[in-house]
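The values are calculated or read from the model by the stated rules, or taken from the named source; none is laboratory data. Note that the structure is predicted; figures quoted are calculated from it, not measured. All Cβ positions, even for glycine, are placed from backbone atoms using ideal geometry, and neighbour counts span all protein chains on display.
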Amino acid sequence: MTRTFVGLAPLTLAVASLAFACGGDDAPTTDGTDTTAGDGDGDSTGDGDGDPTGDGDGDPGDGDADTDEPDSDMDGVGDSVDNCPDVANPNQLDFDGNGMGNSCDVMVFNATGMLNTTANADAGFAGSCSIPLMIEVTDGQVMVQLDDNAEVAGFEIANLNVADILDKECDLFIQATVSMRDFVISNSGGPFPVTMPHTSAMHDAGQVAGDADIPPPVLSTATLSAQVGNDEPMDSELMLDGALPLFTANITGGGAMGTLSWADGQFVLATDQFMIEGPPAVTIDFELKGLVGTLTLAP
């Protein structure tokens, strides 16, 4: 007598499926005789998703924590697609669109422009003078970096090279003619000592705009040449440790152009004291006061 087992076909399919899941990953034979074959999709599962990493997305290099994708900075984005592979930046934001993320991409701008300040000299009983100075920045570097969250913009005035300031006269107890050559203003703080708030909306619009949170710390150096009366000019090294006033920044076009502007006529940039041997000996108190003008920033 022939007996029919109604549940045999489903049971056979279940066992076959289990065999495929536990077997190799070569494609099954056409005649169905190879019960240890896999699904032939390149992964270790039998689901046929074609994903050799087993994460279900079919792409071993998409940076979504595939098991075989290196992630050096451990930010959840695989090295092959991470725009800052050595600096954690899970947001992957890229302000200037150059393929490097904000967190590892410092934007370097060349700075040029005209700034105005005043040199004040006070010799007590011997008199005082004020000399308006036009600071012509011929070139220099201003660096800007944004954080990955588009919340903070950091600024560093790395250096500003100033054209020679020649033959400025000051009448104290005797007329003096003063010149400054090799005038350089450089950052004296840590990296990016000045910051300002930034937003996702500004980031998406390619803009950085706002006011510095602190006066940028700078060191001003120059060769100071002073001539008193008909005497030969005497050179000395000038080193003024101080700061610039708060500035207003406006960068547009995703870093295509920008400006830094100052409008503080009362801020004391730096002070120093000089001694002129006598007789009589005279002490001169010197200061640079006020800064008004704009620097143009170009990549």
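A compact table of results
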read-out	value
Total residues in region 210-254, condition of a type in the set (Gly, Ala, Ser), in a strand (DSSP E or B) and farther than 21 Å from residue 157 by Cβ	3
Every residue from region 197-224 that is hydroxyl-bearing (Ser, Thr, Tyr) and surrounded by fewer than 18 Cβ atoms within 10 Å (Cβ to Cβ)	199, 200, 221, 223
Options 107, 100; residue that is crowded, with 18+ Cβ neighbours inside 10 Å and under 28 Å from residue 207 (Cα atoms)	107
Some residue of region 208-225 being in contact with a Phe, Trp or Tyr (Cβ under 6 Å, 6 or more places away or on another chain) and in the same structural domain as residue 152 (by TED's automatic domain parsing)	yes
Residue check for residue 229: under 19 Å from residue 289 (Cβ atoms), in contact (Cβ under 8 Å) with a residue 24 or more places away in the chain and surrounded by fewer than 18 Cβ atoms within 10 Å (Cβ to Cβ)	no
The one condition in (1) under 30 Å from residue 130 (Cα atoms); (2) surrounded by fewer than 17 Cβ atoms within 10 Å (Cβ to Cβ) that residue 243 fails to fulfil	(2)
Region 242-299, residues that are modelled with pLDDT under 95 and among the acidic types (Asp, Glu)	272, 277, 285, 287
Residue match in region 196-207 (condition: closer than 22 Å to residue 114 by Cβ and in the same structural domain as residue 138 (by TED's automatic domain parsing))	no
Looking only at region 157-196, and only at residues there that are more than 30 Å from residue 235 (Cβ to Cβ) and either in contact (Cβ under 8 Å) with a residue 60 or more places away in the chain or touching an Asp or Glu at 6+ places or on another chain (Cβ under 7 Å) (or both), the one that is surrounded by the most Cβ atoms within 10 Å (Cβ to Cβ)	194
